[in-house]
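Asker: Sharing a structure below in structure tokens format, with a few things to ask.
The values are calculated or read from the model by the stated rules, or taken from the named source; none is laboratory data. Owing to the predicted nature of the structure, the values given are computational and were not obtained by experimental measurement. Backbone-built Cβ (ideal geometry, glycine too); neighbour counts: all protein chains shown.
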Amino acid sequence: MDGEDGAPKSLMEEMYANGIEGVDDAPSSSTSTTIRKNRPIISGEQLDIEAYAALYSGRTKIMRLIFLADHCDNSGMQLEALRMAYDELKKGENTQLFREVVQKIDGRLGPNYSTDATWCAMVDRKANQRKDKLESELNAYRTNLIKESIRMGYNDFGDFYYAHGALGDAFKSYVRTRDYCTTSKHIIQMCLSAILVSIEMGQFAHVTSYVSKAEQTPEALDPPSIAKLRCAAGLAHLEAKKYKLAARKFLEVGPELGNSYSEVIAPQDVATYGGLCALASFDRTELKNKVIDNINFRNFLELVPEVRELINDFYSSHYASCLEYLGNLKSNLMLDIHIHDHVETLYDQIRSKALIQYTHPFVSVDMRMMADAFKTSVAGLEKELESLITDNQIQARIDSHNKILYARHADQRNATFQRVLQTGNEFDWDVRAMLLRANLLKHEYNLRASRKI
Amino acid sequence: MNSVEGLLTQIRGLSSTASDVLSLQNVLKQADESLHAESTRLLPFLDQLDPSKHSLGYLYFLEACTAGPVTTESASSFVLIIARFISSCVAEQIRLAPDKFISVCKRFKDQVLLLEEPLRGVAPMLTAVRKLQSSTEHLTTLHPEFLLLCLLAKCYKTGLSILEEDIFEVDQPRDLYLYCYYGGMICIGQKCFRKALELLHNVVTAPMSTINAIAVEAYKKYILVSLIHHGQLSTSLPKYASGVAQRNLKSLCLSYMELANSYNNGKIADLETYVQANMEKFGSDNNLGLVKQVVSSIYKRNIQRLTQTYLTLSLQDIANTVQLNRPKEAEMHVLQMIQDGEIYATINQKDGMVRFVEDPELYKTCEMIEHIDLSIQRLMTLSNKLTVMDELISCDPLYLGKAGRERQRFDFDDFDSVPQRFNI
């Protein structure tokens, strides 16, 4: 795969000049074996697929690679992603997905990466054998009525189905263990499995319900589990477009998460999702308290220094550089499986917040200077401000002739008088109409009553 | 004939005091059938009675005379007789036989319309209304007839004078619907859109058990007037509107709802194409004039929105935003709105700029204080009325019976005042 572009490289270097330890300065290629644990993965450069995939494990790794292949323009990257997906699938047992990936590769990677029918047949045969074995075991346990064995039997079934890509059956099997759970640990295990399958299926309603179920267990949970549950809850809120709640959840994830939830999410993702959602939905106080002063979250932000920089820039009103970082991140964020359809909304919200925050302290603002600060034209800025004013998010008025924005504080006294008169009129109208209607109803009621008599 | 003669003498004799009049009424009721049988020959006898003194008797005779079908020759003679009767009759005697009076007046209206001179009927009908109603808050069956004549005679101002009064008592629901519908049309004609909206709203939200055509037509006009006056249409009827209205009205006025939707989108071109496409539909409902006003109001709405965001704006920009073709047109619109008092602005022709200013009303003048004071008084009277009505109803045995029976369904606090003995 080709290395990164030369031109923006120096700028990029400058950006993370203030320090990630152990960063390679030389352009790295995918075949280099340098340890890249601390290297920023979600950054402004072209995505390093191998490093990206190394963050994840299990089914999500494959799904992410497939998503990458589907959505990126660069055919080199595409093939690289598909190749890695193929290799990963060969280690597993999901023949359905394997066939899909082979179809996508379409022979472009040579004879080594084509349909391996023998392998598929062998895997399927083994799968059937295992399934029969599991079934007979489960029946045996069921007749013996040993709760723990039945639970483990269903669990094994769930794992089996999950490995083979039958997500619906996996979910059902995991849920069936609920009746046989005896300790809180079992319940947590069941909830986490159910959450994992639901996330893979994309059914985030289940995720929320199982998270709350898990959190309600009487025993205290161990910190990694708490962190995992918070991540899952955050993801569910993100999908439901509740960015504020998602941000809060992600910000509460403790550093104990580490890499323990790599089947779902990586710490870099926690930082990115949490940071962006917070920026889009929190007000200034909350942003300072929960993000900038948050020691736990700082560890996460270190993994994605661009997000850290852009949050700091926003808070210190360096809007141009903040928006520049955002623009650079966009292409890589569009390749992420969870956040790609929220990127536009989040970006719009962040931009609006920036505009509002810019105008907030001033009585009058020169729109030409503001346009420079936001790297846009005066006409474009005027349009954006107009829509914000109409939505009542900025209290100001535009002097289009001189291109100045004047803050406008409504005259409370006049407004009160107007409202008083208006309320009086409305009351008048409503009461008169009501008395009229009451009269009609009485008439009708009398009519009916007299007919009965 | 003898019976008629005898009747005439009785009328003349028993028309002086109130008790006499009551006994006369009984006599007349019994003789009613025979009068109707002789209807064609009763006309000459009318001259023997004096309408101002023997109003009740005259009324019975007149009603019998006009009971038959209306023809053009009889119409002209009867119109004069009835008009004179209405102006000279005594209100108390009339009110003893309201349905007869109403049928006479309705005949009068038919005759006037047959002669195609609705203007002749306006003044007499107004007098008739005033004499029939027991108070200015009372709505009689004659009110809608009167308004219909005003509409047909294009005599809107007279109609408006009746509409100024608040109605609280209604004889027949159908009268109210017609009254409000015609009243709405009169107000639209006089460009009093606020009052029109009020009247049409009353029809649309009136209690009704089945949907009727008047409500449907009223709702169509309501949509259009709401767009002209407020610039928007509330999508659902208020909770107190009857169930049938809430369920059915929208589906019966689909093209108007579409119009409201495309108005809300703000794209003038779309609105105009939609109107063009549905011209005959609007025309067949006689709403073309209103629809045209809706289209012109969208420009006003857009310009008004601009006053909220801009302090100064060039005419060219206004023309662009509001989708007009040339700045000259924008200037005309803005000028018209300034003159109508809908916006406050100054036009600087040298720069081609419009400067929007705030509403100069400072709420500090004596007139304003007086206005506020009067409003307060009016509302206090209204509030008292409401309390009185509330008290009346809470003593009404029918209401107490129903509330007592359904006590379980309601909150404890609301209905604890109902005595326990109504718990059947």
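Asker: Output the number of the condition that A:ILE389 fails; it satisfies all remaining conditions of (1) among the aliphatic types (A, V, I, L, M); (2) within 10 Å of chain B (Cβ to nearest Cβ); (3) in a strand (DSSP E or B).
Answerer: (3)
Asker: On to the next question. If you check B:ASN287, B:ASN265, B:ASN325, which single one turns out to be at pLDDT below 85, surrounded by 13 or more Cβ atoms within 10 Å (Cβ to Cβ) and polar (S, T, N, Q)?
Answerer: On inspection, the qualifying residue turns out to be B:ASN287.
Asker: Consider B:TYR179 against the criteria (1) assigned to a loop (DSSP other than H, G, I, E, B); (2) closer than 18 Å to A:ARG432 by Cβ: it satisfies all of them except one. Which criterion is unmet?
Answerer: Going through (1) assigned to a loop (DSSP other than H, G, I, E, B); (2) closer than 18 Å to A:ARG432 by Cβ one by one, B:TYR179 breaks only (1).
Asker: As an exercise: evaluate B:THR312 against (1) touching a residue at least 24 places away in the same chain (Cβ under 8 Å); (2) within 13 Å of chain A (Cβ to nearest Cβ); (3) part of a helix (DSSP H, G or I); (4) among the hydroxyl-bearing types (Ser, Thr, Tyr) and give the number of the one condition it does not meet.
Answerer: (3)
Asker: Within segment B:99-109, work out how many residues are surrounded by fewer than 16 Cβ atoms within 10 Å (Cβ to Cβ) and not basic (Lys, Arg).
Answerer: Going through segment B:99-109 one residue at a time, the tally reaches 1.
Asker: Let me ask something else about it. Is there a residue in segment B:289-302 that is within 14 Å of chain A (Cβ to nearest Cβ) and either in contact (Cβ under 8 Å) with a residue 40 or more places away in the chain or part of a helix (DSSP H, G or I) (or both)?
Answerer: Yes, segment B:289-302 contains at least one residue that is within 14 Å of chain A (Cβ to nearest Cβ) and either in contact (Cβ under 8 Å) with a residue 40 or more places away in the chain or part of a helix (DSSP H, G or I) (or both).
Asker: In segment A:136-176, which residues are assigned to a helix (DSSP H, G or I), under 28 Å from A:SER209 (Cα atoms) and among the aliphatic types (A, V, I, L, M)?
Answerer: A:LEU138, A:ILE150, A:MET152, A:ALA163, A:LEU167, A:ALA170, A:VAL175
Asker: Still on this model: So if I check each of A:THR345, A:THR390, which one is surrounded by fewer than 20 Cβ atoms within 10 Å (Cβ to Cβ), of a type in the set (Val, Ile, Thr) and closer than 21 Å to A:GLU286 by Cβ?
Answerer: A:THR345
Asker: If you don't mind, there's one more thing I want to ask. Which one of these is surrounded by 14 or more Cβ atoms within 10 Å (Cβ to Cβ), more than 8 Å from chain B (Cβ to nearest Cβ) and in a helix (DSSP H, G or I): A:LEU381, A:LEU421, A:LEU447?
Answerer: A:LEU381
Asker: Quick one: is B:ILE369 without any contact (Cβ under 8 Å) to a residue 12 or more places away in the chain, farther than 21 Å from A:TRP429 by Cβ, surrounded by 15 or more Cβ atoms within 10 Å (Cβ to Cβ) and assigned by the TED database to the domain that holds B:SER314?
Answerer: no
Asker: Please state which one of B:ALA67, B:ALA75 is surrounded by 13 or more Cβ atoms within 10 Å (Cβ to Cβ), out of contact with any Gly (no Cβ under 8 Å at 6 or more places or on another chain) and in a helix (DSSP H, G or I).
Answerer: B:ALA75
Asker: All but one of (1) away from chain A (no Cβ under 13 Å); (2) under 22 Å from A:THR390 (Cβ atoms) hold for B:THR321; state the number of the condition that does not hold.
Answerer: (1)
Asker: When both residues are 6+ apart or on different chains and their Cβ atoms are under 9 Å apart, which pairs have a first residue that lies in segment B:221-250 and is in the same structural domain as B:PRO207 (by the TED database), and a second that is of a type in the set (Asp, Glu) and surrounded by 14 or more Cβ atoms within 10 Å (Cβ to Cβ)?
Answerer: Hits for this filter: B:LYS221/B:ASP285.
Asker: Which residues, counting only those in segment B:332-372, are over 20 Å from B:SER296 (Cβ atoms), under 35 Å from the mean Cα position of the chain (by Cα) and among the β-branched types (Val, Ile, Thr)?
Answerer: Result: B:THR365, B:ILE369, B:ILE372.
Asker: Has segment B:376-390 got at least one residue that is more than 9 Å from chain A (Cβ to nearest Cβ) and outside any helix (DSSP H, G or I)?
Answerer: Checking segment B:376-390: not a single residue is more than 9 Å from chain A (Cβ to nearest Cβ) and outside any helix (DSSP H, G or I).
Asker: Moving on to the next point. Residues being among the β-branched types (Val, Ile, Thr) and surrounded by fewer than 19 Cβ atoms within 10 Å (Cβ to Cβ): count how many of those fall in segment A:263-301.
Answerer: Residues flagged as among the β-branched types (Val, Ile, Thr) and surrounded by fewer than 19 Cβ atoms within 10 Å (Cβ to Cβ) within segment A:263-301 amount to 3.
Asker: Scan (1) in a loop (DSSP other than H, G, I, E, B); (2) in contact with a Ser or Thr (Cβ under 6 Å, 6 or more places away or on another chain) for the single condition A:HIS206 breaks and write down its number.
Answerer: Single failed check for A:HIS206: (1).
Asker: Mind counting the residues in segment A:109-141 that are out of contact with any helix residue (DSSP H, G or I) (no Cβ under 6 Å at 6 or more places or on another chain), surrounded by 13 or more Cβ atoms within 10 Å (Cβ to Cβ) and modelled with pLDDT under 85?
Answerer: Summing the residues that are out of contact with any helix residue (DSSP H, G or I) (no Cβ under 6 Å at 6 or more places or on another chain), surrounded by 13 or more Cβ atoms within 10 Å (Cβ to Cβ) and modelled with pLDDT under 85 in segment A:109-141 gives 2.
Asker: Of the conditions (1) in a helix (DSSP H, G or I); (2) in contact with a Lys or Arg (Cβ under 9 Å, 6 or more places away or on another chain), B:PRO207 clears all except one; give me its number.
Answerer: Checking B:PRO207 against (1) in a helix (DSSP H, G or I); (2) in contact with a Lys or Arg (Cβ under 9 Å, 6 or more places away or on another chain), the one that fails is (1).
Asker: Given the options B:LYS221, B:LYS267, B:LYS281, name the one that is more than 23 Å from the chain's Cα centre (by Cα), basic (Lys, Arg), over 22 Å from B:GLU342 (Cα atoms) and away from every other protein chain (no Cβ under 13 Å).
Answerer: Result of the check over B:LYS221, B:LYS267, B:LYS281: B:LYS281.
Asker: Something else now. What do you reckon, is B:VAL334 modelled with pLDDT of 85 or more, of a type outside the set (Gly, Ala, Ser) and surrounded by 20 or more Cβ atoms within 10 Å (Cβ to Cβ)?
Answerer: When the stated conditions are applied, B:VAL334 passes them.
Asker: Of A:ARG351, A:ARG432, which residue is within 8 Å of chain B (Cβ to nearest Cβ) and either surrounded by 18 or more Cβ atoms within 10 Å (Cβ to Cβ) or under 35 Å from the mean Cα position of the chain (by Cα) (or both)?
Answerer: The match here is A:ARG432.
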